[in-house]
Amino acid sequence: MEVITAKSAGFCFGVKRAVDKVYELLDQGVKNIYTLGPIIHNEKVVQDLSARGVRVLESMDDIDRMQSGTVVIRSHGVPKSVYDRLEEHKINYVDVTCPFVKKIHTIARRESEAGRHIVIIGDAKHPEVQGIRGWCAGPSTVIESRKEAEEFNKNGYKNICVVSQTTFNYNKFQDLVEILGKKRYDRIVINTICNATEERQSEARDIAKSVEAMIVIGGKHSSNTQKLYEICKKECKDTYYIQTLDDLDLEAFQSTSCVGITAGASTPNIIIEEVSKHVRNEF
């Protein structure tokens, strides 16, 4: 069987930087390390860190209850209010927000202070989007669907600035921006989708078009992996979403001669290699 593995699969720069920093702190002997939410949407990595004593804070209330320790702000970023709370309680923190996300925070703050309404193309429930909204000087709107784009601006905003969640589907972003462009207002559109995300999605699409079956590896809560699955499924009906090798049903590939593999930004290379090697060896 021929197996084509995407070159862009696996940890992106921002995620690798964040995970490496936590392990670096552990190696330095830093005690009482906390992360605001799981450092990565990968259960194996989170479990390994937990076994080494790294704890996950789930809410602002958890910060209020802290007595000491070091908090790691993950690559998704957080609202400005979180920094204010950490400094208010004099809690040490290490900020590993992805630089691409930091850029959006700067844009959101600058343009909202200039009087523009910030429109974020993305998932309102995703921590990255929640963090971006937390840097807006005024109200903001999150748009994820065509319907939401078509119904936008019932409040009559005249000046808007459009940005995107870094892991959003690039083609879908363009479609939604086109819908927004049909409305009459002064708008600025800044494509803030990460270059690595665009590359990963483009490569996954190309591979899915050329294979009989596609495997997408990533955490079940990983937004960028879900986007990859949607893209691949559109091009290849036999697309499978797995977290680890244990989830792979090899019977589905019995009569397949060519399989493609890609993975989300939170998937360690060791898992990708394990799946790729197993598929090759079994057939």
Exactly one of VAL72, VAL101, VAL78 is part of a loop (DSSP other than H, G, I, E, B), surrounded by 15 or more Cβ atoms within 10 Å (Cβ to Cβ) and of a type outside the set (Gly, Ala, Ser), and that one is VAL78
In segment 153-167, the residues that are more than 18 Å from GLY115 (Cβ to Cβ) and in contact with a helix residue (DSSP H, G or I) (Cβ under 7 Å, 6 or more places away or on another chain)
SER164, GLN165, THR166, THR167
Within segment 31-53, how many residues turn out to be touching an Asp or Glu at 6+ places or on another chain (Cβ under 9 Å) and either over 26 Å from ASP123 (Cα atoms) or in a loop (DSSP other than H, G, I, E, B) (or both)?
1
Please state which of the following conditions ASP27 fails to meet, knowing it meets all the rest: (1) open to solvent by less than 70 Å² (accessible area, probe 1.4 Å); (2) farther than 30 Å from THR239 by Cα.
(1)
Being out of contact with any strand residue (DSSP E or B) (no Cβ under 6 Å at 6 or more places or on another chain), part of a loop (DSSP other than H, G, I, E, B) and modelled with pLDDT under 95, is that true of even one residue in segment 15-26?
no
Condition (residue is surrounded by fewer than 19 Cβ atoms within 10 Å (Cβ to Cβ) and in a helix (DSSP H, G or I)) applied to segment 255-262: is it met by at least one residue?
no
Test: residue in segment 47-60 that is under 24 Å from the mean Cα position of the chain (by Cα), among the basic types (Lys, Arg) and within 30 Å of ASP206 (Cβ to Cβ)
no
Residue check: is LYS233 surrounded by 14 or more Cβ atoms within 10 Å (Cβ to Cβ), assigned to a helix (DSSP H, G or I) and not polar (S, T, N, Q)?
yes
Of the residues ILE190, ILE215, which is at pLDDT 95 or above and within 20 Å of MET1 (Cα to Cα)?
ILE215
Between residues in segment 134-159 that are in contact (Cβ under 8 Å) with a residue 24 or more places away in the chain and closer than 19 Å to SER81 by Cα and residues that are open to solvent by 30 Å² or more (accessible area, probe 1.4 Å) and of a type in the set (Phe, Trp, Tyr), which pairs lie under 9 Å by C-beta distance while being six or more apart or on different chains?
THR141/TYR157
Taking the stated definitions as given, is VAL94 surrounded by fewer than 17 Cβ atoms within 10 Å (Cβ to Cβ) and either at pLDDT 95 or above or not in a loop (DSSP other than H, G, I, E, B) (or both)?
yes
In segment 238-249, which residues are open to solvent by 40 Å² or more (accessible area, probe 1.4 Å) and farther than 14 Å from SER210 by Cβ?
TYR240, TYR241, GLN243, ASP246, ASP247, ASP249
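The values are calculated or read from the model by the stated rules, or taken from the named source; none is laboratory data. Everything numeric here is computed off the predicted structure, so don't read it as measured data. Please note: Cβ atoms are built from the backbone with ideal geometry, for glycine as well, and neighbour counts cover all protein chains shown. Please note that ligands, DNA and RNA were not included when accessible areas were found on the heavy atoms of the full protein model with its side chains. Shrake-Rupley method; radii C 1.70, N 1.55, O 1.52, S 1.80 Å.
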